[in-house]
Amino acid sequence: MDRPSDLSGTRQTLGILAALLVIVIGMQYCAYIVNLLLVSLILTILALPAMEMLRKRGLPDIVAMGVISAVAAVVLIIGVVITVSSFETLLNDLPTYQSDLQTRLSDLILLFQHFGIDSSLLAPTSFNLGEVVTFVRPYAIGLGNVLMYLFFILITTMFAVLEIPRISERLKRGIALEPKTFVGVEKMSKLMMDFVIVRTEANMIHGTLFGLSLWLMGVHSAVLWGTLTFILAFIPYIGLILAAIPAIFFAWLQYGIWGAAAVVGIVILLNAVVENPIYAKLASRRFELPPMVVILSLIIWGWILGLPGMIFAVPITLLLIILIQCSDELRWINDLLGVSGIFNDRARKKETE
């Protein structure tokens, strides 16, 4: 008697899984556009506080948007030009460090032989930095392509900043959410914005201090490593480690083991001074995602969208959590992931206020 309904439920489940598979494949094929929209979303979130401040000072939306766009365009173009130029300089200068690499490898071989460790894999002739340049250069994005990509991002961001303030009212009118649920979704949306803003501020401080420290040490391409730190620090747990590896490598090439140790010390110091207070601030706002959810989001979004997916994994996951919370049928997913308590706690706080 129940078999037809069971078949109907099975077909519905298979249909949902098939739709998800199609969406994932589509996102992989359209990763360029999806990444563009993600960067625009992050810039929109960063621009909203400035937009609100200019509105309060009596500027019309169009004028305020023009001011923000002009400042953002100048800052981004300068940053892109400096970064791309540093990267090109690095590629051109990399073969000149071949002799330094051979010297450092010879020192390592002597050290390993002293302790009786096999060092056959560290033969100086087995590493050629020129081959690295030959491999990397075809994948390097030219300045013209970066500026064109940046142009589309700025255009998308401009329209998004003008449209975002109206979305909340449309949600209130168009989506039938319970008051408690809407309060939780609204607070969670603000929390995501706070996360992006605070994380960006922390990355800016961290990248600037790291790049400045490397520049004072005389490490090659210090500006590039500072920029890389700013970008990769968005990746939870492993981003700062990945960003520090090239700087440690070049410090080792230029100054030996003590130069590499100095850079490691700078990384540890900056992590203690910048990262820990920032995460303490986020913890005070009760921003909590289970570590397993963060790791899975890194793997999944990195697989779908590549490096940008790993960089924006947490904001994307937060956005999905908010969307899932809007659906009575899908809300069990947040319960399963252990994140539904964020909405309930915030809705309860709003009621008591």
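The values are calculated or read from the model by the stated rules, or taken from the named source; none is laboratory data. It should be emphasised that the depicted structure is a prediction, and the values quoted were computed from it without experimental measurement. With ideal geometry, Cβ positions are generated from the backbone for all residues, glycine too; neighbour counts draw on all protein chains shown. Note: accessible area is taken over every heavy atom of the protein model, side chains too, but ligands, DNA and RNA are not part of it. Shrake-Rupley method; radii C 1.70, N 1.55, O 1.52, S 1.80 Å.
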With (1) within 28 Å of T317 (Cα to Cα); (2) open to solvent by 60 Å² or more (accessible area, probe 1.4 Å) as the list, and V80 as the residue in question, which single condition is left unmet? (2)
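Can you give me the ranges of the helices (runs of 4 or more DSSP H) entirely in region 44-148 with at least 3 residues that are modelled with pLDDT under 75?
On the way: elements: 61-93, 98-114, 129-136.
Qualifying helices (runs of 4 or more DSSP H): 98-114, 129-136.
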Going through (1) open to solvent by less than 20 Å² (accessible area, probe 1.4 Å); (2) in contact (Cβ under 8 Å) with a residue 60 or more places away in the chain; (3) of a type outside the set (S, T, Y) one by one, D194 fails only at (1)
